[in-house]
Amino acid sequence: MSAPVAKKAMPKGEIADSLACTCGLEKSAVVKFLKDLATLAGKEVKGTGKFTIPGICMIKTKHKAATKAGTRLMFGEEMKVKAKPARTLLKAFAVSALKKSV
């Protein structure tokens, strides 16, 4: 048996083509819209910590606290652990409508 061939995700150009055909717009207008949407999402996530694209996904920030250096017991052995600074992570969650459609 051979492994199934994985399909590649649609690049931005194909997404723009598809949306332009569906909506009856020019491809350049759709590309500009996608660029503006990405800019808006970045601004909103940075400011409020949350951005939702209706029907698709919700992007949230999550704060991870700093960790101290020291020794920790892992798998029955003591191991040295380096300190890590605090950081902000981005998480994306599919909305329930998208989950139900898959």
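None of the figures in this text is laboratory data; all of them are computed from the coordinates on show. Since this is a predicted model, take the numbers as computed values, not measurements. As a convention, Cβ positions derive from the backbone with ideal geometry for all residues, glycine included, and neighbour counts pool all protein chains shown.
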When you scan region 52-96 for strands (runs of 3 or more DSSP E) that lie fully inside it, which ones turn up with 3 or more residues that are under 23 Å from A41 (Cβ atoms)? 57-64, 87-94
Taking the residues in region 1-56 that are touching a residue at least 40 places away in the same chain (Cβ under 8 Å) and not hydrophobic (A, V, I, L, M, F, W, C) as candidates, determine which candidate is surrounded by the fewest Cβ atoms within 10 Å (Cβ to Cβ). P54
